[in-house]
Amino acid sequence: MASRVQKKDDDESDFLFENLDKGQVIQEKRAFNESPIHPRKCSLVISQFLYLLSRGDSFTKTEATDIFFAATKLFQSKDIPLRRLMYLLLKELSTISQDAIIVISSLTKDMSHKIELYRANAIRILCKITDSSILPQIERYFKQSIVEKDPHVSSAALVSSIHLLKVCPEIVKRWANEVQEAISNKSNMVQYHALALLHRIKQHDRLAVSKLVSNLIKNSLRSPYAQSYLIRCCVEVIEETNTEDRIFREYIESCLRSKNEMVAYEAARSICTFKNVSNKEINSAVGVLQNFLNSTKPTLRFAAVRTLNKLAQTNPTAVIPCNLDMENLITDTNRSIATLAITTLLKVGNESNVERLIKQIANFLGDINDEFKIVVVDAITSLSQKFPKKYKHLIIFLNKILRDEGTLQLKQATLDAILTVVNNIPESKEIALTELCDYIEDCDFPDLSVQILHLIGQEGPLTSSPAQYMRYIYNRVLLDGGIIRAAAVTSIAKFGLLYEPMKEKVVILLQRCLLDEDDEVRDRATLYLKLFKENDVRYLNKVLMDDVPVPLNNLQKSLELYLHQGDFSEPFDIASVSTVVETYQSPLLGDGKSPFSTGASKKGDSVTGTPKSNNASNNNNNNEESSGPESFATKLSQIPQFSTFGKLLKSSEYIELTETETEYVVNCVKHIYREHIVFQFNCTNTLNEQQLSNVSVKMVPSDPKLLKYECSIPIDVLPYGEPQQCYVAIRYIPANGYPLCSFSNALKFKVKEVDPSTGELDEPGYDDQYSLERLEIVPKDFLNRAFVGNFSEEWKKMSEDTQLVQTFSLVGVKSIDEAVKQIIKTLGMAPAEKSEVVTPKSAKHILYLTGKSLNNQLIYVRARMKLDQSQTNTDVELTIKSDDESLNDFVISAFIEK
Amino acid sequence: MDETVYQIKAIIVLDNNGKRLCSCFYDPPGTPITPLTEKDKFEKLIFEKCKTSNCELEIIDNKVVIGSKQSDVWIFVVGNSLNSNELALLDVLNTLISLFKKACATDESIMITKKTFLENYALIRLYIDEIVSDGIIFEVDEETILNRVPIADNAAQSLNEAIEMAKEKAKGFGFGFL
């Protein structure tokens, strides 16, 4: 290698190209026109253009075309290094220039040049500028190049053909024989490229693919890249054909023993994704991954632990043999590997090793950053649901994270996790409160302190020794800022309300707050003191205990929408606010977003959120809430056929009419109007080789007399992966009662096959239909939740003369908790007095519900329930009060059929 | 199966401040061209993640990212999806680093530095082009690539001479202003 002398001068500290100006460089293209050509000068100019393009400078079409034309002059040059750079520049410019076609004759000449470099590069540029009218003229050269012995030329032709297969598939498919021949080329990369191209040529013929793959399995491939590709082909064949032929699985298994790590890993990963996998197969694959966990290469450890992490979600038992190896990775210097190891272990851990595992993780926490810590916090939260008895260790662990250095985001996530554990495991409440009290002694984030004070005020009085918390709360009054002091005052008052023995002490403490410098603190203390002195328990309850029953973010959005719509003829209705909490996204382990969820509304049943403290009491109801009518009302009112239906009174939750893994995914929302019901069907086509058109749902009612068909709005075109809606509207007469009935449903559509390589449709298509689940109109479709300040007081006001009492049995409901959930779900009404919270293993319970009809009549329900003697059913006494006897009958009808 | 052969989404080279020295984003035919704003955002994200977490193996934007720090230059290979085989990406990364070192080698050092990277920019671009072709792994055997693009060839020498010419010219230009 020639020695190069580094010249020292004043410019040494400047970086080449750093201050390059696009305009100046464009002027330099003159160098290309000089005669004779100066290779050194031209090479520098090309370098500058390449740098500008890579830096992100944009060239107009005119500029790019001018440079492109100028560069074509360099075809005259015989300087090989310059020719290399010329090809590179033309390649970069070809997609942004006009009339790039001008170089085709020069490139075609180069395609048959005796220098391999010229042939290979000419081919690679041609595939970027050629189209279906030009390709037939140069087809001969492509075919020759594919079977060329020189691997540079052959690979260039094969890779270019892979690109061209999307441009002119019919022509490239004619080269299958040449591609087949290229598989025998001595170069590993040519073999790989040839296999990839041949597979793609035959991709739409499953039998041909199957035959190709099995033939190649018999004739051993040499190239590791080809072997990896063939493994994926085997997976494709297995999944798409459900073949009984063992040759494909046996090939993948044999690749587990490959000396090439890429191939062995590809095989192991493939086996881990099999749906029907034998123990022998999975154990062999896990064995390979286990070896990789101990590799000195970080990439190999990363690949293995990432695969095991995924496997642990579907088959945790299979991962257990790797536990010890993964425990060693907890301290891996690579943080991604360490975090994946931790979260995998947390998924497969058993009750006996949870404590040791948590200890190990705790030692390691100081080494990772906040984003990874949040992933760990999330995993710990899941662990608490699997091993509730270990709550003490989990709370202490989470508390340690809370106290360590960290961002507000991390602290909030950790606090949310603690609250989740407390909600799921009531026994953990006291230890959690104790830890949180210590935390707020030295907390840097006022928002967190306020949340914790709220929790202590709410739960502290209900613990075995409430007095212990008072010192911590009062310290906040003495030591913290105004916002925190105000929250502390409210917490103190809650103790006075909920824990009678402390009432007098609370009054004394509140009196000390009257001199606070902050208005909010003084005002709260003044109010609470007055209420205590007047012994106004009802109003204290209203002020102190009645949480806003919906997430504040949702309330804000609904209020903004209400103001924006400008129609104030009816007061704002808090019952219309959604109680669904937004999902928290894990930064590291989140799965790729499926196209099927893009643009689709979020389904209530699929939302699992981390509750904020002020929404904790609504946690049980998250899955049952309707989405707010406001979000639907706007859309529906823009549909002309529905605009005369009047005000949208209620929208139901999403009802799945298909499984989510099927070819067509459909769910339904029922929109209730005064005299109409609109069924909205959200449809997703999950087959990329099909386009559906004229999509509609045929609904057959069980009782046609109750309702009349109004209209139907189909989906004109339903492409792959883009959810859209179709509608069916019916009319009913309220005076005749509610149209409670069920429907059998079928999705009807026209199918047109799509050629994936061209995107062309196979006209004219054919009609088809797809069965959907039954759909029911039920009483809760005509009931809304309502919120009252004091259920027992309102209950007493309602006359017993009009109340309805009904007893029935919930057959097969073996626990009070399940009975409560079922009743709430069936009626769609709001629990009151926190009565939806059931003491674990309780044998009897009283549930209070409040709701209202669509014309705003209030309904009160009391459900007294107990397990029957056999412990397999739950007996329920339902008492319903409203001003309308027929409304009572309507509510009870929700259970009559059971 | 597109991602099976179009394995590489991007090759990104940044300096110590996260500034782009060279970026090649690959968009297979039929897919939309990655806008410049998306590239900038992605590079910033990669740099922030790898710098703060001292991490050269990452999942960013649902893509596997494998990186390496070379004195004052960061080199990243980005897989096309979560299904990327990390070891194939590693092959590409190792070949890139090895060839960059040869391109940047001086009498004093074999390190890849920002200065030597830019001074051998054209050669480096040629190497990248020989390793990945529009997202498809084209060749990863170092000897094969060196045979196709020899270092000892005139390109490097003539480029150095051209650099000297450019500097002389710049000096003259500056003098003119004075």
For this session: Check whether at least one residue in segment B:114-126 is among the small types (Gly, Ala, Ser) and open to solvent by less than 10 Å² (accessible area, probe 1.4 Å), and report yes or no.
Result: yes
Exercise. Can you tell which of B:ASN94, B:ASN85, B:ASN16, B:ASN62 is more than 22 Å from A:GLU92 (Cα to Cα), at pLDDT below 85 and facing chain A (nearest Cβ under 10 Å)?
Worked result: B:ASN62
Exercise. With (1) part of a helix (DSSP H, G or I); (2) within 30 Å of A:VAL754 (Cβ to Cβ); (3) more than 14 Å from chain B (Cβ to nearest Cβ) as the list, and A:VAL179 as the residue in question, which single condition is left unmet?
Worked result: (3)
Exercise. Of all residues in segment A:320-344 being under 18 Å from A:THR299 (Cα atoms) and open to solvent by 20 Å² or more (accessible area, probe 1.4 Å), which is nearest to the chain's Cα centre (by Cα)?
Worked result: A:ARG335
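Sort out for me the strands (runs of 3 or more DSSP E) sitting completely within segment B:48-113 that have 1 or more residues that are touching a residue at least 12 places away in the same chain (Cβ under 8 Å) and surrounded by fewer than 21 Cβ atoms within 10 Å (Cβ to Cβ).
Numbers: elements: B:57-60, B:63-70, B:73-79.
By residue number, B:57-60, B:63-70.
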Exercise. Would a scan of segment A:278-290 turn up a residue that is under 22 Å from A:ARG356 (Cα atoms), assigned to a helix (DSSP H, G or I), in contact with a helix residue (DSSP H, G or I) (Cβ under 8 Å, 6 or more places away or on another chain) and not aromatic (Phe, Trp, Tyr)?
Worked result: yes
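Of everything in segment A:182-192, what is within 14 Å of chain B (Cβ to nearest Cβ) and either closer than 21 Å to A:PHE248 by Cα or assigned to a loop (DSSP other than H, G, I, E, B) (or both)? Give them in sequence order. Talk me through it step by step, then tell me what you get.
At the first step, the residues of segment A:182-192 found to be within 14 Å of chain B (Cβ to nearest Cβ) are A:185-192.
Answer for segment A:182-192, where residues must be within 14 Å of chain B (Cβ to nearest Cβ) and either closer than 21 Å to A:PHE248 by Cα or assigned to a loop (DSSP other than H, G, I, E, B) (or both): A:ASN185, A:LYS186, A:SER187, A:GLN191, A:TYR192.
From the list A:PHE532, A:PHE495, pick out the single residue that is in contact with a Pro (Cβ under 7 Å, 6 or more places away or on another chain), assigned to a helix (DSSP H, G or I) and open to solvent by less than 50 Å² (accessible area, probe 1.4 Å). Before you say what the answer is, go through the steps one by one.
On the way: A:PHE532 fails: in contact with a Pro (Cβ under 7 Å, 6 or more places away or on another chain).
Going through A:PHE532, A:PHE495 in turn, the sole match is A:PHE495.
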Exercise. Can you tell which of A:LYS650, A:LYS670 is at pLDDT 90 or above and not aliphatic (A, V, I, L, M)?
Worked result: A:LYS670
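Only one residue in A:THR839, A:THR850, A:THR807, A:THR802 is over 16 Å from A:THR879 (Cα atoms) and of a type in the set (Val, Ile, Thr). Which one? Spell out how you get there, then give the answer.
On the way: A:THR850 fails: over 16 Å from A:THR879 (Cα atoms); A:THR807 fails: over 16 Å from A:THR879 (Cα atoms); A:THR802 fails: over 16 Å from A:THR879 (Cα atoms).
Only one candidate passes the filter, namely A:THR839.
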Seminar exercise, completed: Among residues of segment A:860-877 being surrounded by fewer than 20 Cβ atoms within 10 Å (Cβ to Cβ) and closer than 23 Å to A:PHE890 by Cβ, the residue modelled with the lowest pLDDT is A:ARG864
Seminar exercise, completed: Every listed condition ((1) without any contact (Cβ under 8 Å) to a residue 24 or more places away in the chain; (2) within 49 Å of the chain's Cα centre (by Cα)) holds for A:LEU88 save (1)
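Select from segment A:236-263 the residues that are among the hydroxyl-bearing types (Ser, Thr, Tyr) and part of a helix (DSSP H, G or I) and write down the one among them that is farthest from the other protein chains (Cβ to nearest Cβ). Don't jump to the end; show me each part of the working.
Pass one, segment A:236-263, residues among the hydroxyl-bearing types (Ser, Thr, Tyr): A:241, A:243, A:251, A:254, A:258.
With part of a helix (DSSP H, G or I) added as a condition, the list becomes A:241, A:251, A:254.
Details: A:THR241: 15, A:TYR251: 16, A:SER254: 18 Å.
Here the answer is A:SER254.
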Exercise. Counting only residues that are touching a helix residue (DSSP H, G or I) at 6+ places or on another chain (Cβ under 8 Å) and outside any helix (DSSP H, G or I), which one in segment A:291-308 is modelled with the lowest pLDDT?
Worked result: A:LYS297
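Can you confirm whether segment A:886-893 contains a residue that is hydroxyl-bearing (Ser, Thr, Tyr), open to solvent by less than 50 Å² (accessible area, probe 1.4 Å) and outside any strand (DSSP E or B)?
Restricting attention to segment A:886-893, the residues satisfying the condition of being hydroxyl-bearing (Ser, Thr, Tyr) are A:886, A:893.
Next cut, open to solvent by less than 50 Å² (accessible area, probe 1.4 Å) only: A:893.
Now narrow it down to the ones that are outside any strand (DSSP E or B): A:893.
Yes, because at least one residue in segment A:886-893 is hydroxyl-bearing (Ser, Thr, Tyr), open to solvent by less than 50 Å² (accessible area, probe 1.4 Å) and outside any strand (DSSP E or B).
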Exercise. Picking from A:PHE17, A:PHE59, which residue would you name as being closer than 28 Å to B:PHE42 by Cβ, facing another protein chain (nearest Cβ under 9 Å) and open to solvent by 10 Å² or more (accessible area, probe 1.4 Å)?
Worked result: A:PHE17
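Suppose we filter segment A:75-115 for residues that are within 18 Å of A:ILE46 (Cα to Cα) and within 14 Å of chain B (Cβ to nearest Cβ); how many remain?
The qualifying residues number 20.
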For this session: Only residues that are at pLDDT 90 or above and more than 14 Å from chain B (Cβ to nearest Cβ): list them for segment A:146-161, please.
Result: A:ILE146, A:VAL147
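Hand me the list of helices (runs of 4 or more DSSP H) wholly inside segment A:410-481 holding 1 or more residues that are not assigned by TED's automatic domain parsing to the domain that holds A:LYS494.
Working: elements: A:429-440, A:446-459, A:467-479.
It comes to A:429-440.
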Problem set entry | Complete set of residues in segment A:645-666 that are open to solvent by less than 10 Å² (accessible area, probe 1.4 Å) and either touching a Ser or Thr at 6+ places or on another chain (Cβ under 9 Å) or assigned to a strand (DSSP E or B) (or both) | A:SER651, A:SER652, A:VAL666
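The values are calculated or read from the model by the stated rules, or taken from the named source; none is laboratory data. All values derive from a computational prediction rather than experimental measurement. In this analysis, Cβ positions are derived from the backbone assuming ideal geometry, glycine residues included, and neighbour counts consider all displayed protein chains. These area figures cover heavy atoms from the full protein model, side chains too; ligands, DNA and RNA do not enter into them. Shrake-Rupley method; radii C 1.70, N 1.55, O 1.52, S 1.80 Å.
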